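Worksheet: the structure to be examined is printed underneath.
The values are calculated or read from the model by the stated rules, or taken from the named source; none is laboratory data. Since we're looking at a predicted model, the values are computed, not measured. Cβ sites come from the backbone with ideal geometry, for glycine too, and all protein chains shown count toward neighbours. Areas reflect the complete protein model, heavy atoms only, side chains present, ligands, DNA and RNA absent. Shrake-Rupley method; radii C 1.70, N 1.55, O 1.52, S 1.80 Å.
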Amino acid sequence: MQRVFWLIAAILTASLTHTAFVLVIPKFSLERTMARLSTAAGVNTFFILPGEERSMLLPSFPSNSVVGACAFDVETGPVAVDANMPDGFWVLTVYSAKGDVLYALDSNQAGTNSFTVTLSKAPSLIEQLRTKPTEEEISATGWSVQTPVTEGLAVFSQPVTDAARSRSVAALMMKSKCRRS
Amino acid sequence: MRQIIGGTLFIITGALAGAGSAMTLTEYLGMEPALAGSPWQSRDTSILSPAHPYVIAHYLNEGRLPPAAGLWREYAATKSDDGAVLSIACVYTLTAKLPAHRWWSVAAASGGRGERPGNGVITSDTAVAEPNGMVTLTVSREAVAGNWLKPPPTGTFSLLYTIAGPQSEQAPSPAAMFTIKRRDC
C-alpha cells in the first residue's frame with residue numbers, strides 16, 4: 001500500500017516537473033530576456049537592440065540587421081506603437097510573455113511603412129458578454145491586438161547586410177514610438 | 001527510516017523522469033523532415049500544432065524568439081546529405097533552385113546548446129544566383145569565390161535556412177530545399 005502511495009507521488013512529481021520545464025522555465029527565460037533588454041529604455045518605450053542581443057534572438061538575420069523592440073505592459077491600459085519603418089523588407093512580430101505569437105505581418109502585407117498598432121488587454125468572457133462594442137470601436141480594430149497575457153514584446157526587424165545602410169535604417173526606425181494611448 | 005529513504009528515492013526518480021522527458025520532447029517533438037531523406041528539419045510553430053508548447057519551449061530555452069508561423073519557415077540541418085555531422089573540418093556545397101522575389105537566409109550556427117551563434121549569414125539580398133535560378137553556397141573556413149558562408153570557429157555546427165512563409169506576398173510557392181554535399185575534409 002505504501003509503495004502505491006509513493007508511486008503515485010512519484011508520478012505526480014514527474015508531471016509537475018515536466019510541466020515546469022515546458023511551461024514555466026521557458027516563460028521565465030523570456031521574461032528575464034525582456035527585462036534585460038528593457039533595462040535602459042524601460043517598459044512601453046521603443047528601443048533598438050544592441051548587436052549581440054539581436055544575434056541571439058534572431059540568428060538567421062545578418063549581423064548588420066536592425067531590430068527595434070518595445071516591451072509592453074497593458075495591465076493598466078492600452079499601449080500604442082507608432083511604427084516608422086524603412087523601405088525594403090521588414091517584419092513586425094508581437095509576442096506574449098509566454099512566447100506565443102500574437103500578431104505578425106511583413107512589409108508586403110502592411111502596404112505602408114508608417115502605421116500605429118494598438119495593444120490592449122483582451123476582455124474576459126464576462127466582459128465580452130456584458131459590453132457591446134460601439135461602431136467606432138469596431139471600425140478601429142484594423143491595427144489592434146488584444147492579448148490575454150498583459151506583458152509581451154513587439155519586435156520590428158529589417159535584415160540588412162550593408163553597414164552604412166544599417167546606420168540610416170536605425171536612425172529612421174528610432175523615430176518609432178511606444179506610448180500609452 | 002527505510003520508508004522515508006525509499007519514498008525520497010521515488011520522488012527524486014519522478015522528478016528526474018519529468019525533467020528528462022520534458023527536455024527530450026522539447027528537443028525532438030514537433031520536428032518534421034522537409035523532404036524524405038533530407039537532412040533539413042523544421043518545427044511547426046503554429047498554435048494549432050499539438051506539439052506547440054514544446055516547440056515554443058525549444059526556442060525560448062535557446063534564448064531565441066520563435067518564428068511566426070505563416071510569415072517564416074525555418075529549417076535546421078546538423079548533417080550533410082550523406083549523414084555525416086557538419087564539421088568545420090570539411091567544405092560543404094549547398095545548392096538549390098530558389099524562387100525569385102522571396103527573402104531567405106542561411107546561417108551557420110554553433111553546434112553546442114546555449115552557445116552564441118556564429119556570424120556567418122548569407123541572404124537573398126547578397127547571394128548571386130546563376131541565370132537558371134540555381135543558387136550555390138560554399139561553407140568553409142577559408143574564403144572562396146562566389147557565395148561564401150563562414151562557419152563558427154570551432155567544432156560542429158548546424159545550418160539554419162529561413163525563408164519567408166506562404167502567406168507573405170514575397171513567397172507564393174513552397175520552399176525549395178538546399179542539397180548539402182560534403183566535399184573536402
Review point. Which members of the range B:127-157 meet the condition of being within 14 Å of chain A (Cβ to nearest Cβ) and open to solvent by 70 Å² or more (accessible area, probe 1.4 Å)?
Key: B:128, B:148, B:150
Check your understanding: Do you know which residues across the range A:97-118 are open to solvent by less than 40 Å² (accessible area, probe 1.4 Å), hydrophobic (A, V, I, L, M, F, W, C) and in a strand (DSSP E or B)?
Key -> A:104, A:105, A:115, A:117
**Study point:** Any hit, the range A:54-63, residues being more than 7 Å from chain B (Cβ to nearest Cβ), out of contact with any Asp or Glu (no Cβ under 8 Å at 6 or more places or on another chain) and at positive phi
**Key:** no
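Yes/no per residue for (1) modelled with pLDDT of 90 or more; (2) farther than 28 Å from residue B:54 by Cβ; (3) outside any strand (DSSP E or B); (4) out of contact with any Lys or Arg (no Cβ under 9 Å at 6 or more places or on another chain):
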position	(1), (2), (3), (4)
A:95	yes, no, no, yes
A:120	no, yes, no, yes
A:126	no, yes, yes, yes
A:132	no, yes, yes, yes
A:136	no, yes, yes, yes
A:145	no, no, no, yes
A:154	yes, no, no, yes
A:157	yes, no, no, no
A:160	yes, yes, yes, yes
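Going by what's in this entry, would residue B:76 be described as open to solvent by less than 60 Å² (accessible area, probe 1.4 Å) and in a helix (DSSP H, G or I)?
Working: open to solvent by less than 60 Å² (accessible area, probe 1.4 Å): yes; in a helix (DSSP H, G or I): no.
Judged against the criteria, residue B:76 is not a match.
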Review point. Where residues in the range B:6-44 are among the hydroxyl-bearing types (Ser, Thr, Tyr) and more than 7 Å from chain A (Cβ to nearest Cβ), which of them is least open to solvent (accessible area, probe 1.4 Å)?
Key: B:42
Check your understanding: Is it the case that the range A:10-25 has a residue that's more than 8 Å from chain B (Cβ to nearest Cβ) and not in a helix (DSSP H, G or I)?
Key -> no
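Can you say whether residue B:73 is more than 16 Å from the chain's Cα centre (by Cα) and charged (D, E, K, R), as far as the supplied structure shows? Walk me through how you get there before you give the answer.
Numbers: more than 16 Å from the chain's Cα centre (by Cα): no; charged (D, E, K, R): yes.
Judged against the criteria, residue B:73 is not a match.
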